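The values are calculated or read from the model by the stated rules, or taken from the named source; none is laboratory data. Note that this is a predicted model, so its numbers are computed, not measured. When we count neighbours, we look across all protein chains shown, and the Cβ atoms used for this are built from the backbone with ideal geometry, even at glycine. To get the accessible areas, we keep the full protein, side chains included, count just its heavy atoms, and leave off ligands, DNA and RNA. Shrake-Rupley method; radii C 1.70, N 1.55, O 1.52, S 1.80 Å.
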Amino acid sequence: MSKLFGNSTDSPKGWQWLVFPLALVWFALNESRKFLHRVSYDGVSGIISAIFSVFLSFGAVVWSSHSLGWQQGYPAWYWIPGGLFAGWCTYAYIWPLIHLVVIRGVIKLSDLIWEALKFVGRDIYAPVTKFVADAARILPGSSALWDSFKERDRFGNILAIATAVGTLAFAVWTGLDVWGKAAAVIPGLVPAVLVAWTPTWVVSVLGAACGTIVAVSICSLVFQLLDKSRLDGLAVGFGAALGYVYFGTFTSWLALVGLTGYGAWAGLAVAYVVYLAYAFPAMNKLLSLGVFKQIAEWLSKVNQKTYGDDQGDYSKVYGHVANIGVAAALTWVAWTTCAALGLALYFTIPIMAVVAVTAYLFDKELLRGNFSVILVGLGASGYIGYEAYNYYLSAGYPFGVFGAAPAAAFSFLASMMIAYPIVYLGVRYVLVAIGVERLRYPLDQLYKAVQDSVEVVAKRLERVYWSAYKDNSDYRDWFVQVVNIALAVAIYLSLTVYLGFGSSVVWIAVAGFLTFCAYAFFGQFLARPADIGLHFAGGIAGIAASAWVGSAVWSVTSTYWIVAVAAVFTWPVVYAFAFPVVYIVLRLLTNVLIASWSRPLLVGLHSFAWTVFDKAIWTPVQAVASAIKVMLGPIWGFFVAVGNAVKSVYDGLMRILRRN
């Protein structure tokens, strides 16, 4: 009997070549999966990719289940296998293919762009911008203004921060702008037939890739200039960026004084020269004055005292309060979600209790040092920036989105670096004066009491968990075969009722054949040692429950993060708690009445099915697939040689750029 997984080393016999179509399909699917996993899930980056693929596959399960079960109205025995199939395809093929073609390509392209930008910035951009800036300094008084502040003052904290924030904002805006323009242009660059057969999201992804490349290029170039303290390049580039973003606004202003067409271009050129000769150096001179230095130093001390220093008992009390606040917020989300789903109180209250306790204990990092201060500052400042953005747009202030985005960035920075630290230190001074630090001990005791209680419950649940998943009795063999039969029935009904395999006797036979293969294969997989069958069944139950919860939440709210939290939180609850409890209860109820006499029948039935499947299908398929692999070896070697040649060209180009 052959192994369930692995390649056969035996040469196929004459009659075994009859399964060549099946072997070819299996070879293509299996070898492509192994290749994609080898290049996508190896190494440190592969671990990160695998973790991301798990969450992405989880999302595919929820999305497919919601689409099939809630939007199209299919029953559970259809949307559960459909969702699981979508998740497996995402993990096994779709994400590894995206990682190989897109992610790795973007990483390699980013490295190439980075080296190319270093070359351009050093040998092209720097000399050109220096020439332009020197030409502007010829104007009367410009050279003296440029030379009036010291070299070391040109890159003070305020200017560096302002430049970095402005660069990020401009890069994001430009990336979005390029995204929209590229998505509009790309369909016109390919044949109409390809456009008709290409999903719209593919065009959107390609446009997003173009925008990302442009945004990363802008950031890398400007940050190189910051690192090298090249003020000429920053001045020229910053002025060009302002002209690009506010081109429509500037031309409308010039039109008010009668300058249109070539006159508007001449006006823009004059304004740019004035900016380079006087406005930019004057801004640097202003920022280098002593009063701004004193303000910057004072803000630095305030921020250090707020975010950098460990403030003893007060910071621990603050962490406890922040921890309770986060747990309360997540509990409120659980309450609103349960209310939206119309769940009864006997479901809602336990869910809220589990969410509250889990969040309270898992948020213990908030109790460490000043982490809570930083987290609350980021949250509050982010909310203020969000509200500032919306207020700017709703008030109808000039420049629309182009004005709202800088206003939001400024509001975020002002809150994070000025308002929040001042308020925090002021409140701290008052609370310390009234002795709030004395609350640390009772809050520590509260946290410890909750933690100890949860540990007692966790130990009891652990006993239930292992009592189910480590069950080596005959009941386990019966249970996994029942799961296998249920899965086979769901596959057969899905094929015949909804996928068109019930239209004729031939297609019914095909559906029966595929169902038989699935029954034999999955039954052998579930019957493997190390209790894989029970873990597999528990995992499937958790995924199905997560898909149901995520789809149900999705049907009442379009807030994706609520859907994600509800779905992800459901899986461990069902896998680690609900499934073991149900399994133990079923074992008590059915072990004597049903399982004891039907186990030999179910196990024997699958053993017979596997023997037939193995000898007539599985072993021949593996043997023929191995022969196909040998036959296609030269073709595969050709593609490997092409890949190595491309890699050699890439490595050579990188060496040239780095050497220069």
Multiply the residue separation of V321 and A344 by 0.36 nm, subtract the distance between their alpha-carbon atoms, and state the gained length in nm to one decimal.
-> 5.2 nm
Using packing as a proxy for protection, rank 567-579, 21-33 so that the peptide with the highest average count of other Cβ atoms within 10 Å comes first.
-> 567-579, 21-33
Semi-axes in Å, largest first, for region 506-586 (Cα gyration tensor, √(5λ)) are 29, 21, 10
Heavy-atom SASA rank of T557, T129 (probe 1.4 Å, accessible area, largest first) = T557, T129
Leaving ligands, DNA and RNA out of it, report the carbon-plus-sulfur percent of the accessible area of region 536-602 at a 1.4 Å probe.
-> 81 percent
Averaged per residue, what accessible area in Å² does region 512-587 show with a 1.4 Å probe, protein chains only?
-> 42 Å²
Excluding ligands, DNA and RNA, the carbon-plus-sulfur percentage of the accessible area of region 389-467 with a 1.4 Å probe reads 70 percent
Two pseudo-spin positions, 7 Å from Cα along C-beta at V302 and at S143, lie apart in nanometres by 4.2 nm
In Å², what does the accessible area per residue of region 61-127 work out to with a 1.4 Å probe?
-> 52 Å²
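What's the carbon and sulfur percent of region 57-129's accessible surface, probe 1.4 angstrom, rounded to a whole number?
Carbon with sulfur: 73 percent of the solvent-accessible area.
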Please give the per residue accessible area of region 383-505, computed with a probe of 1.4 Å over protein heavy atoms only, in Å².
-> 60 Å²
Net lengthening on full extension, D177/D452 (0.36 nm per residue, minus Cα-Cα) = 93.6 nm
